[in-house]
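Data block below; observations after.
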Amino acid sequence: MDLHHLTQNPGRPSYKVRWSKVELGELRETLILITNGLHARGYGALGSRARMRRGHRLDASLVIAGVRLEDEGRYRCELINGIEDESVALTLRLEGVVFPYQPSRGRYQFNYYEAKQACEDQDGRLATYAQLYQAWTEGLDWCNAGWLLEGSVRYPVLTERAPCGGRGRPGIRSYGPRDRKRDRYDAFCFTSALAGHVFFVPGRLTLSEAHAACRRRRAVVAKVGHLYAAWKFSGLDQCDGGWLADGSVRFPITTPRPRCGGLPDPGVRSFGFPQPQQANYGTYCYSE
């Protein structure tokens, strides 16, 4: 961001620039960095990866190294002199994929905080409404309602049908704000491009044998978010069910065909959560 966008003259040494991140759904801002033009100080985990670009004397652009999923969101840059402070807000958006998630116990098991943790456990984070909307425009059609980062509960419908809210226009159906501790739904998670690589190991393995097979290859059993990212960004197409770290069995399809799940659209198919001792599947491994 160039300070020419602000009306005050930042050339005086009394001015400071303050960068913060607006935490969606938590009604607070997290301080990232403060600079007086000569010296800058970072704050918190994000501040340790942030610096000023300093392309020229009026350049107040923030540079973030090693961008992570949690870095997406709204940022505020303030020009401070104690009298006529000004600020601008900018949004960082990551390209990614939204996936619905429920545990082995079945649907509607998560309160908001459990849903948030479940997404993080699968190499993701709770999706925002904007991310769910984008996924709906790209074909996501799902009947079960899930938590979003803002604290609302929604589900995307492309084709109206009785089990999915009955008649009505296609769109994002909403349950509105819910009690974050008491109410229970599924989760819509968001993940982005992989730092590593997902690959399939064939065989008839139990879940424990799947972990051992990945370890022998200096890898770990992939998480659900890993598989979705590999499908979305690397075009992973494998017509074989494989164990994932949460105990589910899934497979990614980029080119639909009759003997690979039978559905007409690309996607990640699921066999649910078989018994861990069941030796019928290969496994998907993840290595960095």
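The values are calculated or read from the model by the stated rules, or taken from the named source; none is laboratory data. Given the structure is predicted, the values throughout are model-derived calculations rather than measurements. FYI the Cβ positions are ideal-geometry reconstructions off the backbone, even for glycines, and counts take in every protein chain you see. The accessibility values were calculated without ligands, DNA or RNA, using every heavy atom of the protein model including side chains. Shrake-Rupley method; radii C 1.70, N 1.55, O 1.52, S 1.80 Å.
Anything in region 64-96 that is farther than 19 Å from R41 by Cβ, part of a loop (DSSP other than H, G, I, E, B), open to solvent by 50 Å² or more (accessible area, probe 1.4 Å) and among the hydrophobic types (A, V, I, L, M, F, W, C)? List them, or say none.
V67, I83
Please enumerate the residues belonging to region 229-253 that are closer than 25 Å to T137 by Cα and either exposed (fewer than 14 other Cβ atoms within 10 Å of the Cβ) or of a type in the set (A, V, I, L, M, F, W, C) (or both).
Selection gives A229, A230, W231, F233, G235, L236, F251, I253.
What residue, among those in region 185-202 that are within 21 Å of the chain's Cα centre (by Cα) and open to solvent by 80 Å² or more (accessible area, probe 1.4 Å), is modelled with the lowest pLDDT?
Looking at residues that are within 21 Å of the chain's Cα centre (by Cα) and open to solvent by 80 Å² or more (accessible area, probe 1.4 Å), I get A195.
Listed here are the residues, each with its yes/no results for (1) without any contact (Cβ under 8 Å) to a residue 60 or more places away in the chain; (2) under 20 Å from the mean Cα position of the chain (by Cα); (3) in a strand (DSSP E or B).
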| site | (1), (2), (3) |
| --- | --- |
| D183 | no, no, no |
| R215 | yes, no, no |
| R218 | no, no, no |
| D246 | no, yes, no |
| P258 | yes, no, no |
| G261 | yes, no, no |
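Tell me whether region 156-174 contains one or more residues that are closer than 30 Å to Q275 by Cβ and open to solvent by 60 Å² or more (accessible area, probe 1.4 Å).
yes
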